[in-house]
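Bear in mind that the values in this text are calculations on the coordinates, not laboratory data. Owing to the predicted nature of the structure, the values given are computational and were not obtained by experimental measurement. Every residue, glycine among them, receives a Cβ derived from its backbone with ideal geometry; neighbour counts consider all protein chains shown.
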Amino acid sequence: MSDPASYKKLKEDFVSNLSGGSITEINYVTSVAAVAGILWSVLQARQSFFQPYTTLSFVVDFLLNVGAILLSTTLYANSPLLLILLLIAPAVLIFTLPPNSIGRKRKPKVPRHNRTKSGSGQLDGLSTKPFLTTYRGSMMIVTCIAILAVDFRLFPRRFAKVETWGTSLMDLGVGSFVFSGGVVAARPVLKERMIGRTTGRATPLFYRILYSMRHSIPLLVLGVIRFLSVKGLDYAEHVTEYGVHWNFFFTLGFLPPFVALFQSALRVVPSFAALSLLVGVTYQVLLETTSLKAFILTAPRTDIISMNREGIFSFFGYLAIFLAGQDTGMFAIPRNIPPRSTASPGAQRNTLLMTMAVWGGVWTGLYLLSTNYTYGFGLSVSRRMANLPYVLWVVAFNTLQLFGFCIVDTVFFPAFYNAVDPKTEKEAYERATSRVMRAYNRNGLAVFLLANLLTGLVNLTVRTLDMTPVTTIGILVGYMATVTGVAVALDHYNISIKL
């Protein structure tokens, strides 16, 4: 098909997914990422394979944490259990080998009342936990792979974004990106509360909104640039995803000020989770009791609102997801649960695991209640509207995924939670986290922007629908190697790009 206009129409139709895929298939892909992470953890915990970090270490790191996910969404998309077996077998074998004694000598335990005196300083109340880095890093890797792979025939259509109703890997990825942002957004709130307990003062609403605009303006500018680029280059796009002018950068850009505004509601609402449910349930009630649902799905595009109705109204669903992520961060980030707890590190770990398991069960139960036709409300998931079932699905999945990563940390790298000072904690953190994962986590939004630019470059350069499987894999490996190389280089030179 040589006509550019015809090829563009074919691409627009190709990237749509009318029926979606099953949640089991999505779980297979994420299970591959988890098993690859376990193999990495076994190599590091038992053999110290990634210390020192050599060229070989980087190659293996890349193959495990990037290559495995890439294979699970392309060549092994129809046989994920085989890929899982190929990853778990060497993990079991390495685990049975004698451990490498280098670097495994434990430091003598320090009495609890002497801990802050024995190290180089007092531990911060807000720690940077390994499982959070691994979670955010793996989410960014899946996202970067999918946004380009979806344009190739080797990427199954069941993983592409669903047109209106159903679930898919990319539908989950968009929501997970927002949830992940909410988790880290809990850190400044926790800092503010710590300062408030010390000084007795809370940050005024005006300054919270002003601070949030520092994060919003760059994202909104990126949204405008993307819109102008897509229209100027006549780039293939699917209008029903966000609308004619709206894009994901606009959704991300409007979140911070709204969250800062909603934070004031915590004076009457007990938690961010309750606030999330309040927003999600209210939005769903409006969808069911008014003509809003019909307007979003069928209205003609005659004005600025109707042209961008998907992006405008789905924003409320993403806001609910962000608030739920923020609630998760409120108990996942602090060192002690509850604050100022004097419990032992082991008890703190158990409390964190129990809290995450309970919340994972709560969100899963609410999702099943909203979607079950016999005992619940019989609602269907819609990423296009970001309705309540979609919100609960995304939050439940991400909470349980965090719980799984936390279990891996607890089993393979307990030394992090027993650190007695900032220096030993930093060493334990670096030992427990992949360099690739740290790099993606550190500059996530900048890496995401780079991935978008490279995706556009590839689509403008080659006809992705005409590529053979071998060529497809070659392009995707080169693309992810470039993105990963830039991310690791930024981390190596201690560069953090804040947008």
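All of (1) crowded, with 22+ Cβ neighbours inside 10 Å; (2) in contact with a Ser or Thr (Cβ under 8 Å, 6 or more places away or on another chain) hold for Leu379 with one exception: (1). Here Ala396, Ala432 are screened, and the one residue that is without any contact (Cβ under 8 Å) to a residue 40 or more places away in the chain and either surrounded by 18 or more Cβ atoms within 10 Å (Cβ to Cβ) or touching a Gly at 6+ places or on another chain (Cβ under 8 Å) (or both) is Ala396.
Please note which helices (runs of 4 or more DSSP H) are completely contained in region 271-334 and include at least 1 residues that are aromatic (Phe, Trp, Tyr).
Working: elements: 272-289, 292-298, 304-307, 309-332.
Here the list reads 272-289, 292-298, 309-332.
Taking Ser271, is it under 30 Å from Val408 (Cβ atoms) and in contact with an Asp or Glu (Cβ under 8 Å, 6 or more places away or on another chain)? For Ser271, the condition - under 30 Å from Val408 (Cβ atoms) and in contact with an Asp or Glu (Cβ under 8 Å, 6 or more places away or on another chain) - is met. Every condition in (1) farther than 23 Å from Phe227 by Cα; (2) surrounded by fewer than 19 Cβ atoms within 10 Å (Cβ to Cβ) holds for Arg463 except the one numbered (1).
For Ile497, work out the one condition from (1) in contact with a Pro (Cβ under 6 Å, 6 or more places away or on another chain); (2) not in a helix (DSSP H, G or I) it doesn't fulfil. Among (1) in contact with a Pro (Cβ under 6 Å, 6 or more places away or on another chain); (2) not in a helix (DSSP H, G or I), Ile497 violates only (1). Taken as a whole, the structure places Ala160 among residues that are of a type in the set (Gly, Ala, Ser) and within 23 Å of Thr472 (Cα to Cα).
Conditions tested, residue by residue: (1) within 23 Å of Asn459 (Cβ to Cβ); (2) surrounded by 21 or more Cβ atoms within 10 Å (Cβ to Cβ); (3) under 10 Å from the mean Cα position of the chain (by Cα).
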| position | (1), (2), (3) |
| --- | --- |
| Leu126 | no, no, no |
| Val150 | yes, yes, no |
| Ser180 | no, yes, yes |
| Val183 | no, yes, yes |
| Pro204 | no, no, no |
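Put simply, of Val486, Val447 the only residue that is crowded, with 18+ Cβ neighbours inside 10 Å, touching a helix residue (DSSP H, G or I) at 6+ places or on another chain (Cβ under 7 Å), within 30 Å of Ile26 (Cβ to Cβ) and among the aliphatic types (A, V, I, L, M) is Val447. Tell me which residues, restricted to region 38-75, are free of Cβ contacts under 8 Å to residues at least 40 places away in the same chain and under 22 Å from Ile23 (Cβ atoms). If the condition is that a residue be free of Cβ contacts under 8 Å to residues at least 40 places away in the same chain and under 22 Å from Ile23 (Cβ atoms), then Ala68, Leu71 are the ones that fit.
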